[in-house]
Amino acid sequence: MAFPDDLLELAQGLANLHPESPHQASLRRAVSTACYALFHLLISEATANWARPELRAILGRCFDHGLMETASETKVSQINSAFKRNPPEGAEKTVAIYLRTVANAFIQAQQRCNDADYNMAWEWTPVEVDTQIASVNEAFDAWNVIRDEAVAQAYLVSLLSTKERRPIEPKLPKAKVERKKQRRDLETPPTA
Amino acid sequence: MVILEDAATRRDQLLHISNQVSQAIVEQVQPLEQWDVLPYFKFRSRSEQAKLNQPTFA
């Protein structure tokens, strides 16, 4: 079984550890572990594209929770906007629905993980933990359906950065830029 | 915080119900598109909430 699947199974195990009187420690660790399961699933899928297997773990260290969450927000927002235009039913829409499930589960998991790890003012209950694990489980299933789709692969790449890469504009030599700036200054009348 | 009837929190239907509730709220409020904030849902059963005796806001 792959590491992310092991983590998800562990999360379920932690959630069931004390069924009669659930402990906050095991409930919180269950939430956190489910979150890590999804985090590692996406990273392992992204790094699996790297041709040299021995470097995949190092590449995986380039991923950052915060950037991945922001990229997921962007993806959810893009898909929601596209759905507002009533796209036709079909494979493309189905893939987008699955992808939104994954991105949304990642956002929710991150928020819950943060709460589970650091917010001691909040008491966790088995239903809250079950919701988190079920949502990550659903994301795993959704990912399995779309993992080879182009948009799913593009989403993995977007998790590395929040910046959209634009085509590089040709750079003018420094002296030319300076001359241009001086010309502009001369053309602009000083304001009183 | 969403409080669900105990019967609705069975494991085999929890995901379906929690998805329905959150989707309905997201469609109405559009938190990301209209407010630039992320929705964050927590679900508890009625009996869990009664046991914890924490305040609810809605």
Original post:
Thinking of region B:2-52 as a set of Cα atoms, what percent of all their pairs are more than 16 Å apart?
Top reply: 46
**OP:** Take the alpha carbon atoms of region A:121-142, find their center, do the same for region A:60-85, and report the distance between the two centers in whole angstrom.
**Re:** 20
Subject >> Pairs of lysine residues in region A:3-187 - Cα separation under 19 Å, sequence separation of 8 or more or cross-chain >> reply: 6
**OP:** Taking amide H positions as placed in the peptide plane 1.01 Å from N, state which residues far from residue B:4 in sequence (5 or more) or on other chains have amide H under 5 Å from it.
**Re:** B:44, B:45, B:46
Original post:
Per the protein assembly as shown: cysteines with no other Cys C-beta under 4.7 angstrom?
Top reply: A:62
Original post:
Taking every eigenvalue of the Cα gyration tensor of region A:52-146, multiplying by 5 and rooting it, what semi-axes result, largest first, whole Å?
Top reply: 26, 21, 14
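Over the protein assembly as shown, consider all pairs of different Cα atoms and compute the Kirkwood hydrodynamic radius from their mean reciprocal separation; express it in Å, one decimal.
One over the average 1/r among Cα pairs gives 20.6 Å for the protein assembly as shown.
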Original post:
What is the average number of partner chain Cβ atoms found within 10 Å of a Cβ in B:4-14?
Top reply: 2
Subject >> Peptides ranked, highest mean first, by Cβ atoms within 10 Å: ranges A:131-144, A:20-33, A:91-104 >> reply: A:131-144, A:91-104, A:20-33
Subject >> Mean Cα-pair separation over length for region A:3-187, i.e. relative contact order, pairs under 8 Å, 6 or more apart, % >> reply: 31
**OP:** Using Cα pairs closer than 8 Å and at least 6 residues apart in sequence, work out the relative contact order for region B:2-52, in percent.
**Re:** 60
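Any read-out appearing in this document is the output of simple, stated calculations on the displayed coordinates, not a laboratory observation. All values reported here derive from a predicted model rather than from experimental measurement. No Cβ is skipped: glycine too gets one built from the backbone with ideal geometry, and neighbour counts run over all protein chains shown.
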